[in-house]
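Quick notes on the structure that follows.
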Amino acid sequence: MENTAPQLFKITFDGIEIEVPPGTTIMQAARQLGPHYAPPAMCYYEPLKGTGGKCRACLVKVTAGSAKDPRPMPKLVPSCITTVQDGMVVENTTNESVLETRRGIVEFLLINHPLDCPVCDQAGECHLQDFAFEHGRVTTRYEEERRTFEKHDIGPYVQLHMTRCILCYRCVFTADQITNKRVHGVMNRGDHAEISTYIEKAIDNDFSGNVIDVCPVGALTDKTYRFKSRVWFSKPVEAHCDCEKCSGNVTLWYRGDEVIRVTARKNEWGEVKEFICNTCRFERKKTSDWTIEGPTKISRHSVIMANKYRADLKKPAFGLKVAEAQYKQIDDSRPYITDGTTIRELSKENNAKANQRSLAENN
Amino acid sequence: MAVKILTEHINVPGINTFDVYRKMGGYTAVEKALKKMTPEEVVEEVKKSGVRGRGGAGFPMGMKWSFLAKPEGVPRYLVCNADESEPGTFKDHFLMREIPHLLIEGMIVSSFALGANKSFIYVRGELMYVIHILEKAIAEAKAAGFLGKNILGSGYDLELVVQPGGGAYICGEETALLESLEGKRGNPRNKPPFPAVKGLYQSPTVVNNVESIANTPWIVNNGGDAYASLGIGRSTGTKLISASGHINKPGVYEIPLGITVEDFIYADEWCGGIRPGHHLKAVIAGGSSVPILPAHLILNLANGDKRLMTYESLSDGGFATGTMLGSGGFIAMDETACVVRNTWTFARFYHHESCGQCSPCREGTGWMDKVLERIEHGKGNMHDIDLLVDVAKKIEGNTICPLGDAAAWPVASAIRHFRDEFEWHVKHPQEATQPGAVYRGAMELV
Amino acid sequence: MTDTTTPITFTPERLAKAQEIIARYPAGKQKSALLPLLHLAQEQYGWVSSDVMDYVAGLLSILPIEVYEVASFYTMFHLDPVGKHVIEYCRTGPCCLMGGEDVYGHLKQKLGIDTGETTPDGKFTLKEVECLAACGWGPVFQIREKYYMNLTNSKVDEIIEELSKD
């Protein structure tokens, strides 16, 4: 048995030792440890070749490059494209500079974001929301005007909201790698760079709908699902059909008895392994089109789980308290919170207080 | 007079033609290298010379050459970076315009050393007239048998291609340049892999600055040791400095590395002093990307010694009291210059030139631009100043390519050394927005 | 202005030049010719319309979107119609130190247009650009391939008057 096992690299990630095959990236190694450990990824998308390195959300500190050369790497490195070396020591959430940098990245991604979550179809399954919730600051320091774009119609199926885009380039890689002729891309440059077809032209391709699934934010959404529901009101169900174009393995999203949306199946990292065709996605919206396999497994922490909305969180008293706390912090006369308090920490604190109050009131 | 390696014959009439250049001793390095030396020997001389990359990073050229991977059956490329766009820098523009054959000769010698049979000169598109000058020089050299098949009967083939850019500072970053040369957007690549392993068309590639390559003929002719004997310490040879701003004689100067900054500014041989009736306030010594220094710190080190025009001396004191030689774009400012306004124009520059690929640079450069614009126009707040410092810190070191650092340093250093000027703009918005208004408070002039 | 009725095509000389440029690169790497060809196209048409870009894509056997992406990245390509003379004025620090902003103000007044605009007679379009690598000879602007350096108000007047003639 010893002879057949491939040579493995031993690395230490946030103090945990793990053995992985050579060629593994830090991100892949961390993902083996589980969602609690893996650095956030806004642009990296494992099924698509060439993604990663752009959003800088997954920067980590390498405190020892390898057993042979244990010097630390001078800069933080993107874990999604940095391959491990034997004896590498990586710090993610255990390193303050990593967390501080990440707060900065959230801020950068949000300064020009419209923050229109209440009307955004992606809300509830948005990676930017998750990223901001996990790693962001409570307040913003941005006082300038937010960037806007001219609206472009890119066809009957896909809605483009450029203001929400974080330029991860995933949709470009998708079109390059799973369709035969790319008609959209990134135009212009700098903070005016935008996803566009350049000339008003429908993206017309059997697999074009997949750009919706790979988009980490609400920049590319499903026109046939637009404003139909909120993701937390819908029930995902695994289903398949006999499709001549794709695998036919999908997730159906029900509201009541109605299929309101069809998506490809996503893994725990929100990644699609089997891309689906437009016919499955946009045209097969009857239960009779599908063979139902059963409910989709959803993380206990997802908003899609009804359990997320605990009774105590619904109490108006708590809501008022939160509003009060938040309102004070955006009052300009008060100093900014610069100690790096995160939304998650604040809500933890508030949750604890609310729970105590609720206990006291009930007793 | 100091030894001139690049500009000795620059004033000879007709030096831009092959015949005159040849008469002045041109192309002897090609003859020597191709007939009497092996490529390895040329690399060895360049290594010995200690010449450092003249584009801005200052990485030893010989070492960069020695990293070039040499897998069997795969072409290797030499690409000359002539995408000179760093504000304050115009030396390559000058060199290519005045003495194009020097670059062509350097390209032949360097390509031979690296085993490249097709080499590129990537010139920024705005310099189309210089591209025509280079193309003419290439045609002349080819007609004389110094380019093409079997050069001088040595069996070595070389073709030179001049490639125009399209207007993008970012293409001066070597991997962005390679992307651009492949006909793509100038988005820098993630590294590793480095160009020495996977560069142009995924083949091993060396990218060198114009001035770096222009040094190689002299090194081949005179030997690496002779080159290394010029200059001080690890700053060997000479350096082209493009001097601009409030000096008497703006222009391009070839200086021996090691003269004092004071001499460079005030001696008649170089800048000839600050324009009459004015005093030196600040200097940006190596192109817009390097930290700005107030007069007393550019002339002297923190310990009082004279600061020298060398890589080491200019960076002495780190970012607290030092700066960098960079690309040699020397911008001098007198007391009429407003540091806030100047910093804003640079921030606007980086905002305009960011490729937009990675989030800290895409969003951060725009943010700094907007905040600085507000301060400059009398709409700033005190907390904006600290905000700028923090935004700069969040960009620095966290981007794909060095443009992020280059955008952060000018802002951070201007606030470090001229904070009172920023505060004055915030506190006295009406006064500060008068035409030509400049803060004259605690300024130390020389 | 592009004539929309006649199909886009290079003049015979430019087509020959384009073929020569494409042949410079290794086989299969013809996309490298994209920037030179866009320059060539702009030289002929004055600006780069989507039809022109489609034509260039055809010459290089690449997708039109690859041309749009590239052309919109680089600031030298005019994606909208421009005047006969496009004045590209440097607005970066070193030129500003030499009084570049004042001279620019004068130029705008002289032409009666603002940045990004074209004079009603279609002769001049004014654009602001970043550093043109001529800082020691500032203030600077560029019209097509020509650099105009060490600008002053009176020099600007002379240049504009000279160019207005043709």
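Structural remarks
- Sole exception among (1) crowded, with 22+ Cβ neighbours inside 10 Å; (2) touching a Lys or Arg at 6+ places or on another chain (Cβ under 9 Å) for B:ILE133, by number: (1)
- Subset of the range C:88-142 (residues that are among the acidic types (Asp, Glu) and either touching an Asp or Glu at 6+ places or on another chain (Cβ under 9 Å) or within 25 Å of B:ALA332 (Cα to Cα) (or both)): C:GLU88, C:GLU101, C:ASP102, C:GLU128, C:GLU130
- Within the range A:234-270, the set of residues being surrounded by fewer than 18 Cβ atoms within 10 Å (Cβ to Cβ) and assigned to a loop (DSSP other than H, G, I, E, B) comprises A:CYS241, A:ASP242, A:CYS243, A:GLU244, A:LYS245, A:SER247, A:GLY256, A:ASP257, A:ASN267, A:GLU268, A:TRP269, A:GLY270.
- Criterion (of a type in the set (Ser, Thr, Tyr) and within 21 Å of B:LEU147 (Cα to Cα)) met by exactly one of B:THR38, B:THR7: B:THR38
- Residue among B:GLU363, B:GLU373 that alone is surrounded by 24 or more Cβ atoms within 10 Å (Cβ to Cβ) and of a type in the set (D, E, K, R): B:GLU363
- Among the strands (runs of 3 or more DSSP E) confined to the range B:151-254, the ones with at least 3 residues that are more than 13 Å from chain C (Cβ to nearest Cβ) and at pLDDT 95 or above are located at B:205-209.
- The range A:68-96, residues that are at the interface with chain B (Cβ under 10 Å from one of its Cβ atoms) and polar (S, T, N, Q): A:THR82, A:THR83
- Filtered residue count, the range C:137-158, keeping only those that are more than 14 Å from the chain's Cα centre (by Cα) and free of Cβ contacts under 8 Å to residues at least 12 places away in the same chain: 4
- Of the residues screened, A:VAL231 is not one that is crowded, with 22+ Cβ neighbours inside 10 Å, aliphatic (A, V, I, L, M) and away from chain B (no Cβ under 14 Å).
- Condition check for A:PHE108: touching an Asp or Glu at 6+ places or on another chain (Cβ under 9 Å), crowded, with 22+ Cβ neighbours inside 10 Å and closer than 21 Å to B:ARG362 by Cα: yes
- In the range B:298-321, the residues that are without any contact (Cβ under 8 Å) to a residue 12 or more places away in the chain reach residues that are of a type in the set (Lys, Arg) and crowded, with 22+ Cβ neighbours inside 10 Å with C-beta atoms within less than 7 angstrom, at least six apart or across chains, in these pairs: B:ASN300/B:ARG307.
- Subset of the range A:140-173 (residues that are assigned to a loop (DSSP other than H, G, I, E, B), more than 14 Å from chain B (Cβ to nearest Cβ) and hydrophobic (A, V, I, L, M, F, W, C)): A:ILE154
- Some residue of the range B:387-400 being buried (at least 24 other Cβ atoms within 10 Å of the Cβ), free of Cβ contacts under 8 Å to residues at least 60 places away in the same chain and either aromatic (Phe, Trp, Tyr) or touching a strand residue (DSSP E or B) at 6+ places or on another chain (Cβ under 7 Å) (or both): yes
- Spans of helices (runs of 4 or more DSSP H) in the range B:309-409 with at least 2 residues over 20 Å from the mean Cα position of the chain (by Cα) and more than 9 Å from every other protein chain (Cβ to nearest Cβ): B:318-321, B:339-353, B:359-376, B:382-395
- Failed condition for A:TYR169, given (1) under 19 Å from B:CYS361 (Cβ atoms); (2) touching a helix residue (DSSP H, G or I) at 6+ places or on another chain (Cβ under 7 Å); (3) of a type in the set (Phe, Trp, Tyr): (2)
- Counted residues, the range C:22-32 - those being within 9 Å of chain B (Cβ to nearest Cβ) and surrounded by 15 or more Cβ atoms within 10 Å (Cβ to Cβ): 6
The values are calculated or read from the model by the stated rules, or taken from the named source; none is laboratory data. What you see is a predicted model, and the numbers here were worked out from it, not measured in a lab. Here the Cβ is made from the backbone with ideal geometry for all residues, glycine too, and neighbour counts use every protein chain on show.
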